[in-house]
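Colleague: One structure coming up, written as structure tokens, with questions to follow.
The values are calculated or read from the model by the stated rules, or taken from the named source; none is laboratory data. Bear in mind that the values here come from a model prediction, so they are computed numbers and not experimental data. As a convention, Cβ positions derive from the backbone with ideal geometry for all residues, glycine included, and neighbour counts pool all protein chains shown.
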Amino acid sequence: MARSLPKPAKTVDLHATAFMDDLDDYDQDELLAEAISYFREQLDAAIYWEYPEIKFIHGKGTGNLRRAVYEELQRYKQAGAIANYYPAYHNEDIVVVHIGL
């Protein structure tokens, strides 16, 4: 069976400017929803491709994206899909996700 999901980058930027066009067409809540959807796609692809880890850049900003990402990661961990996650030692604007169990 051929793999169908494209491989994600090892580090994924979740800022809307990194993966969306026409940002003026969206309000802040819609941008957050798009970023979380993109996060899920990239994390699911990393799990599918059996990456040992993946990093997500959520930035500082208001903290809404960081909180939403950490809530999603908690769900993935509780479901057994990931092993662990934590802020990067060199930059707290990045979360490191260990996939392998």
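Colleague: Just give me the residues in segment 29-52 being hydrophobic (A, V, I, L, M, F, W, C) and part of a loop (DSSP other than H, G, I, E, B), in sequence order. First the steps, then the outcome.
Modeller: Let us first name the residues in segment 29-52 that are hydrophobic (A, V, I, L, M, F, W, C), namely 31-33, 35-36, 39, 43, 45-47, 49.
Answer for segment 29-52, where residues must be hydrophobic (A, V, I, L, M, F, W, C) and part of a loop (DSSP other than H, G, I, E, B): just W49.
Colleague: Tell me which of these S4 doesn't satisfy, since it passes every other one: (1) outside any helix (DSSP H, G or I); (2) surrounded by 11 or more Cβ atoms within 10 Å (Cβ to Cβ).
Modeller: Going through (1) outside any helix (DSSP H, G or I); (2) surrounded by 11 or more Cβ atoms within 10 Å (Cβ to Cβ) one by one, S4 breaks only (2).
Colleague: Identify the residue in segment 42-75 that is of a type in the set (D, E) and touching a residue at least 24 places away in the same chain (Cβ under 8 Å) and, among all such residues, is surrounded by the fewest Cβ atoms within 10 Å (Cβ to Cβ).
Modeller: My answer is E50.
Colleague: Right, something else. Consider segment 78-101. How many of its residues are surrounded by fewer than 17 Cβ atoms within 10 Å (Cβ to Cβ) and touching a strand residue (DSSP E or B) at 6+ places or on another chain (Cβ under 7 Å)?
Modeller: Count: 8.
Colleague: If I filter segment 10-27 down to residues being out of contact with any helix residue (DSSP H, G or I) (no Cβ under 8 Å at 6 or more places or on another chain) and either modelled with pLDDT of 90 or more or in a helix (DSSP H, G or I) (or both), which single residue comes out as surrounded by the fewest Cβ atoms within 10 Å (Cβ to Cβ)? I'd like the intermediate steps shown before the answer.
Modeller: To start, the set of residues in segment 10-27 that are out of contact with any helix residue (DSSP H, G or I) (no Cβ under 8 Å at 6 or more places or on another chain) comprises 10-11, 18, 21-22, 24-25, 27.
Checking the rest, the ones that are also either modelled with pLDDT of 90 or more or in a helix (DSSP H, G or I) (or both) come to 10-11, 18, 24-25, 27.
On the way: K10: 11, T11: 12, A18: 11, D24: 5, D25: 9, D27: 8.
Result: D24.
Listed here are the residues, each with its yes/no results for (1) part of a helix (DSSP H, G or I); (2) among the hydroxyl-bearing types (S, T, Y); (3) under 14 Å from the mean Cα position of the chain (by Cα).
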residue	(1), (2), (3)
K55	no, no, yes
G61	no, no, no
R67	yes, no, yes
E71	yes, no, yes
R75	yes, no, yes
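Colleague: If you don't mind, there's one more thing I want to ask. Filtering segment 55-101 down to residues that are hydroxyl-bearing (S, T, Y), in contact with a helix residue (DSSP H, G or I) (Cβ under 9 Å, 6 or more places away or on another chain) and at pLDDT 95 or above, which residue is nearest to D44 (Cα to Cα)?
Modeller: Among those that are hydroxyl-bearing (S, T, Y), in contact with a helix residue (DSSP H, G or I) (Cβ under 9 Å, 6 or more places away or on another chain) and at pLDDT 95 or above, it is Y76.
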